[in-house]
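Structure, as structure tokens:
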Amino acid sequence: MDTSIQNRHHVLALGHALDAIRSQQFSKAETIGLNVIDEDPKNADAYFVAGFAAFERGNLAVALERLNQAITLQSDIADFYTHRGVVLAALKQPEEAIRDFNRTLKITPDDPSALANLARLYVQQGEARQALPLIQQALRHQPDDPVLLGDMAVILVQCKQPHDALPLYEQALRLSPNDAEIHCNYSRALLMVEQYPHGWQENEWRWHSRQYQKIAKNFPAPIWNGVSLIGKRITMVSEQGFGDALQFLRYAPLLKKKQAEVIVWCRPELTRLFQSAQGVDLAVSLQDPLPATDFCIPMLSLPLVFDTCIDTIPNTPYLNVPPDILSPMSGSAKQMRVGVVWSGNNQRGFRFQDLEPLFAIPNIEFHSLQYGPEAVKAQERGMIEWSAHLTDFAATAAIISRLDLVITIDTAVAHLAGGLGKPFWLLTHATSDWRWGLSGTSTPWYPTARLFRQTVTGQWDEVIGQVTQALQQSMRELFQRATLF
């Protein structure tokens, strides 16, 4: 084939591939791109299209390889760096992704897509202050872009300015009323400022969000909408993480008061604990068949059904240590027993060595409630270490029941301690979750909680100092009470 004809043929084919991408026919686009590569191995655009399609199909490693090849062949195309940055971010390589987005901005300094992607990456890393000027710059070029307006609102929420974020969410939804991601983020901002009724309504949009694409709303019974439950069986469905399930199990007693048989369908690590919880008749693992049921209700929909506002949050405690589980911790303590968790799955914990000021306080027996590789550090430091016993949440509850206090970052252990009615001190990240509110040392969700708030992302020294002083004060008060008897 004549070279000029072949080139025109490839341009036309890649145009069809881009049309396929726009219509989300990613397999078709990938096939076209690969066919062009077979005929023209030095066609950078073909590698880009094939890489883009591979990414959309979830083949991240293949996508990265093809985008690397595209950039090798042609290193001055901004879109190549932008999309490789997106792939690198998905591969949890943020530093490399940041470099690519910055390379895009060197080629096209006002590229809204690159600005927004770089801002989103900073947001994921908890660096909202760095993200703010980037998204502002992007909005100057596309002021009516609903996605960018939603991004700006997310950043303001992370900067603890949710009241400023609300009108941006509302503007974005006027422009794009069916955008589930914007609705979901809007719900978190509303809940953070304790506008609960509206927040719970917006939270129902989660079923249309990307996060829920793999969570089928294909329940084995109708969703309960508030009709009579007398003599009926209703199943509470755990739909998210451990913390959410532990927090919202508090609604089981309210369902029980409606004369229903209450089943909880949850992850296996929770079944033994939930079986003994107030209002629960049966806890079933998500891995096991569910008994016949009249209604289902996703756990995070219960606050909406019960019209929960700040004054009607169900009481604690509602969790109990199962009667057949004995704590491995025996005897009465001559010292104050304090359990500690310093690392979690969200990577927002602090270094184990940051705890050293606490360890210097006399007459305290420190217990590690840490799970995973970090638990080894507790053994090396001489803490009492329980990771081998933390087989499920019921076993963890048995250990917590024998402690005087739990000190933890924002993990499921915080919700477990709160649900048991155990005093706990929560060290919140600067971009803390909606349920911990904006300020103050307390939360209406857990009366036994005391909050210590980080003010600067990544800096825990101030928070650890406050916790150390508070623990020292607690020991002084404990000593003073002891001397009265």
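Stokes-Einstein D for the chain at 37 °C, 0.692 mPa s, Kirkwood Rh over Cα pairs, in µm²/s? Please list the in-between numbers first.
Details: Rh = 25.5 Å.
The diffusion coefficient I find is 129 µm²/s.
Distances between placed amide hydrogens fall under 5 Å for residue 223 paired with 296, all partners being 5 or more residues away or on another chain.
If we count other beta carbons within 10 Å of each Cβ, what is the order of 443, 396, fewest first? Spell out each step's value before the answer.
Working: 443 19, 396 24.
Taking fewest neighbouring Cβ atoms as first place, the list is 443, 396.
Residues 381, 233, ranked from the fewest to the most other C-beta atoms within 10 Å, line up as 381, 233.
Using a cutoff of 8 angstrom between alpha carbon atoms and counting only pairs six or more residues apart, the relative contact order for the range 382-485 works out to 17 percent.
So how tilted is helix 146-158 from the main axis of the chain? Cα-based, degrees 0 to 90, rounded to 10. The answer is roughly 30 degrees. Across every direction, the projection of the convex hull enclosing the Cα atoms of the range 251-303 has a mean area of 3.6 nm². Charging the Cβ of each Asp and Glu at -1 and of each Lys and Arg at +1, and nothing else, the dipole of the chain about its Cα centre rounds to 1280 debye.
Cα gyration tensor of the range 364-485, axes a ≥ b ≥ c as square roots of the eigenvalues: rounded (a/c below 1.5), prolate (a/b > b/c) or oblate? Provide the component values of the computation, followed by the final result.
On the way: a/c = 1.32, a/b = 1.05, b/c = 1.25.
Judged from the Cα gyration tensor, the range 364-485 comes out rounded (a/c under 1.5).
Placing +1 on each Lys and Arg Cβ and -1 on each Asp and Glu Cβ, with no other charges, gives the range 265-384 a dipole about its Cα centre of roughly 480 debye.
In units of the compact-protein estimate 2.2 N^0.38 Å, the range 65-198 shows a Cα radius of gyration of 1.13.
Taking a ≥ b ≥ c as the square roots of the Cα gyration tensor eigenvalues, with a/c under 1.5 meaning rounded and otherwise prolate when a/b beats b/c, else oblate, which class fits the range 1-109?
Numbers: a/c = 2.12, a/b = 1.51, b/c = 1.41.
Judged from the Cα gyration tensor, the range 1-109 comes out prolate (a/c at least 1.5, a/b above b/c).
Pull out a ≥ b ≥ c, the square roots of the eigenvalues of the alpha-carbon gyration tensor of the range 129-194, then state rounded if a/c is under 1.5, prolate if not and a/b is larger than b/c, and oblate in the remaining case. Oblate shape, in that a/c is at least 1.5 and b/c is the bigger or equal ratio. Close Lys pairs in the chain (alpha-carbon distance under 20 Å; sequence gap of 8 or more, or different chains): 4. Set the Förster radius R0 to 22 Å, insert the Cβ-Cβ distance between residue 380 and residue 360 as r into 1/(1 + (r/R0)^6), and round the FRET efficiency to 0.05. In this case the efficiency is close to 0.85. The range 29-53 and the range 165-200 have Cα centres spaced 40 Å apart.
Against the chain, whose longest principal axis comes from its Cα atoms, helix 60-73 is set at around 40 degrees.
Can you give the extra length, in nm with one decimal, that the chain gains between residue 218 and residue 163 once fully stretched, where that is 0.36 nm per residue apart less the Cα-Cα distance? Please report the intermediate quantities before stating the final value.
Details: separation 55, 0.36 × 55 = 19.80 nm, distance 3.57 nm.
The residue 218-residue 163 span can extend by a further 16.2 nm.
Separation of the range 371-431 and the range 223-278, taken as the distance between their Cα centroids, equals 24 angstrom. Compared with the dominant principal axis of the Cα atoms in the chain, helix 3-22 is inclined by about 30°.
Other residues lying with their Cβ under 15 Å from the Cβ of residue 192 contribute a combined charge of -1, Lys and Arg counting +1, Asp and Glu -1.
Take the Cβ-Cβ distance between residue 74 and residue 140 as r, set R0 to 25 Å, and report the resulting FRET efficiency rounded to the nearest 0.05.
Working: r = 29 Å, r/R0 = 1.17.
Taking R0 as 25 Å, the efficiency between residue 74 and residue 140 is 0.30.
Determine, for 193, 157, 237, the number of other Cβ atoms within 10 Å of each Cβ, and report the residues in order from fewest to most. Could you put the intermediate results ahead of the total?
Values: 193 16, 157 27, 237 24.
Ordered from fewest to most neighbouring Cβ atoms within 10 Å, 193, 157, 237 come out as 193, 237, 157.
Which percentage, to the nearest 5, of the DSSP beta bridges contained in the range 336-483 is antiparallel?
Details: 0 of 20 bridges.
If we restrict to bridges inside the range 336-483, about 0 percent are antiparallel.
Values quoted throughout were computed directly from the atomic coordinates according to the rules given, and no laboratory measurement underlies them. This structure is a prediction, so every number in the text was calculated from the model and none was measured. For neighbour counting, all protein chains shown are included, and Cβ atoms are generated from backbone atoms with ideal geometry for every residue, glycine included.
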